Amino acid sequence: MPSAFSHAVAALGIGALFYRPEIPKRVWVIGAACAALPDLDVIGFRFGIAYGDALGHRGFSHSLVFAAALAALVVWVGFRRGVSGMRPTTLWAYLFLATASHGFLDAFTDGGLGVAFFAPMDNTRYFFPIRPIRVSPLTPRGFFSERGFAALRSELPWVCLPSALLAVLATAWRRLRQPA
Ligand SMILES: [Zn+2]
């Protein structure tokens, strides 16, 4: 995985596409949390679930079905009364993209097994043909090691920079469309 930090940054970059000043900030915070959440599947290692299992790391929790279901659950439970500046379907779309971006980024990493994008129907693991992102250690201790910093360094050009660029372009586009 890229680090939880980079997954959150990607969600904020995607959020820029949906940004409106009246939307409460908690929407972006929840989007960032949704983007980091799939890696909670590493808990499965403690319970004897193997990496390659359907519920293993980068399995179901990294799939498109999971992203769709999590987004629906959050809209349903967390935003029952709606949210200002966003229709429920738009909020769902943002949360879906934020969560799905996790597996998307993982498929660009250079280690571990691929991502089960189509679980639970198909547990095949996928990587993209280019994998420039160094895989981030799974333990907090590893994260603060030399390997963790190397992973973070590889995430700067491949995750943080495109996210920032997306935010800048989305903001410029919004300003252009605003009547003078
Ligand atoms: Zn992951």
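Of all the residues in region 78-95, those that are on the phi > 0 side of the Ramachandran plot and either open to solvent by 70 Å² or more (accessible area, probe 1.4 Å) or touching a strand residue (DSSP E or B) at 6+ places or on another chain (Cβ under 9 Å) (or both) number 0. So, in region 84-103, how many residues would count as being modelled with pLDDT under 95 and under 17 Å from Ser61 (Cα atoms)? Count: 0. The residue list Ala119, Ala98, Ala69, Ala54 contains one member that is under 20 Å from Ser6 (Cα atoms) and either hydrophobic (A, V, I, L, M, F, W, C) or open to solvent by 40 Å² or more (accessible area, probe 1.4 Å) (or both), which is Ala98. Among residues of region 79-105 being out of contact with any helix residue (DSSP H, G or I) (no Cβ under 7 Å at 6 or more places or on another chain) and part of a helix (DSSP H, G or I), the one that is farthest from Ile14 (Cα to Cα) is Thr89. Just checking, which of Pro162, Pro179, Pro132 is open to solvent by less than 50 Å² (accessible area, probe 1.4 Å), at pLDDT below 95 and of a type outside the set (A, V, I, L, M)? When all the criteria are applied, what remains is Pro132.
The values are calculated or read from the model by the stated rules, or taken from the named source; none is laboratory data. On a predicted model such as this, the values are computed, not experimentally measured, just so you know. Neighbour counts run over all protein chains shown; Cβ positions are idealised from the backbone, glycine included. Ligands, DNA and RNA are excluded from the accessible area calculation, which covers all protein heavy atoms including side chains. Shrake-Rupley method; radii C 1.70, N 1.55, O 1.52, S 1.80 Å.
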